[in-house]
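Notes to accompany the following structure.
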Amino acid sequence: MPVVSAVNLERIPLHGLFVHRVTLSSALDAIDAFSTLGRPHHVVTLDASMCVMAQTDRELKTIVSNADLVTPDSAGVLWACRRKGEALEGRVSGVELVERLCAQSADRGYRLFFLGAAPGVAEVAAERMRAKYPGCSVVGTRDGFFEERDIDAVIEEVCGARPHILCVAMGIPKQEKFISKHKDSLGVPVLIGVGGTFDVLSGAVSRAPSWVQRLNLEWLHRLMKNPRKIAKVLTLPKFVWQTLRDKS
Ligand code: UDP
């Protein structure tokens, strides 16, 4: 059987990084192929704030540049690609990926582990996914506020649950660095950094109405719900400036 690999997907250079030309469906196909292979595969959901951060954080830049799959996760990334004449079909966000993987879990036999968010949030997100998608197998959950000294216990807990897909929701760049540092010890074929996904799936944070999403204004909705997001929004002018100067 031929192995479908994200390596065969077109890479669009962006801000010294790259994003794959994927839709939700082709990203899920790539993840499906990864899940059957032994070695760990890192999936990054790239947004504008990550592009800005990677300009000054060399470790993050190296991690994103070496990821197996990089999906376009923000209106800003889509705009920057369009400006280069590389229009993409739409966003492929962490929330959508995790929800679709839960929906496919019973059919495809995926075992998922939810790691991250405040205590109790990942568990509620898992319960909701199990209720919505019968047979959905979330084999473990753990919050993302643990001390350095607890990392070995976290790794042991994840390994013991033997998931195919580890969803890590600890914010950018913490989740990307956690995945990169520990992916070889975790022994999980697919590791995805998914930001605030469990907050959304648990119902703690609502998604914007679909008309707001269509207008690419979900970031504004999230900002109004959570003013701490202001730091992220403040990176946007820098992202625009970087895009206008981007020669990659
Ligand atoms: N979080 C965590 N551990 C931390 C810091 C944050 O688990 O040490 C969680 C936080 O509770 C939230 C998520 O990481 O659920 C970050 O969500 P956000 O939408 O801010 O993600 P980003 O915009 O960075 O993708």
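Observations, loosely collected:
- Residues of region 173-184 satisfying the condition of being within 8 Å of the ligand (Cβ to nearest atom) and in contact with a strand residue (DSSP E or B) (Cβ under 7 Å, 6 or more places away or on another chain): GLN175
- Taking the numbered list (1) within 16 Å of the ligand (Cβ to nearest atom); (2) over 19 Å from the mean Cα position of the chain (by Cα) in turn, ALA87 passes all entries but (1).
- Flag not set for GLY203, criterion: in contact (Cβ under 8 Å) with a residue 12 or more places away in the chain, more than 16 Å from the ligand (Cβ to nearest atom), in contact with a helix residue (DSSP H, G or I) (Cβ under 8 Å, 6 or more places away or on another chain) and at positive phi.
Yes or no, residue by residue, for (1) among the β-branched types (Val, Ile, Thr); (2) surrounded by 14 or more Cβ atoms within 10 Å (Cβ to Cβ); (3) farther than 29 Å from ASP57 by Cβ:
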| residue | (1), (2), (3) |
| --- | --- |
| PHE145 | no, no, no |
| HIS164 | no, yes, yes |
| GLY171 | no, yes, no |
| ASP184 | no, no, no |
| ILE192 | yes, yes, no |
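- Of the residues GLY160, GLY135, GLY140, the single one that is small (Gly, Ala, Ser), surrounded by fewer than 16 Cβ atoms within 10 Å (Cβ to Cβ) and closer than 24 Å to ALA27 by Cα is GLY135.
- In region 49-63, the residue that is surrounded by the fewest Cβ atoms within 10 Å (Cβ to Cβ) out of those that are more than 13 Å from the ligand (Cβ to nearest atom) and under 16 Å from ARG11 (Cα atoms) is THR62.
- Look at (1) of a type outside the set (Asp, Glu); (2) within 12 Å of the ligand (Cβ to nearest atom); (3) under 19 Å from ASP68 (Cβ atoms); (4) in contact with a strand residue (DSSP E or B) (Cβ under 8 Å, 6 or more places away or on another chain) and you find that VAL154 fails only one, number (3).
- Residues that are touching a residue at least 12 places away in the same chain (Cβ under 8 Å), assigned to a helix (DSSP H, G or I) and either in contact with an Asp or Glu (Cβ under 8 Å, 6 or more places away or on another chain) or within 16 Å of the ligand (Cβ to nearest atom) (or both) within region 221-248 comprise HIS221, ARG222, LYS225, LYS232, VAL233, LEU236, LYS238, PHE239, listed in sequence order.
- Test: residue in region 98-112 that is in contact with a strand residue (DSSP E or B) (Cβ under 6 Å, 6 or more places away or on another chain), surrounded by fewer than 21 Cβ atoms within 10 Å (Cβ to Cβ) and not aromatic (Phe, Trp, Tyr): yes
- Test: residue in region 10-29 that is touching a residue at least 24 places away in the same chain (Cβ under 8 Å), within 16 Å of the ligand (Cβ to nearest atom), among the charged types (D, E, K, R) and not in a helix (DSSP H, G or I): no
- Filter pass, ALA117 being touching a residue at least 60 places away in the same chain (Cβ under 8 Å), under 30 Å from ARG58 (Cα atoms) and within 12 Å of the ligand (Cβ to nearest atom): yes
- So GLY187, is it small (Gly, Ala, Ser), at positive phi, more than 14 Å from the ligand (Cβ to nearest atom) and at pLDDT below 95: yes
- Hits in region 39-86 - residues which are of a type in the set (A, V, I, L, M, F, W, C), out of contact with any helix residue (DSSP H, G or I) (no Cβ under 7 Å at 6 or more places or on another chain) and farther than 14 Å from LEU236 by Cα: ALA67, CYS81
- Answer residue from region 85-108, given it is part of a helix (DSSP H, G or I) and of a type in the set (S, T, N, Q) and is nearest to GLU218 (Cα to Cα) among those: GLN104
The values are calculated or read from the model by the stated rules, or taken from the named source; none is laboratory data. Keep in mind that what you see is a predicted model, and the values were worked out from it rather than measured. Here the Cβ is made from the backbone with ideal geometry for all residues, glycine too, and neighbour counts use every protein chain on show.
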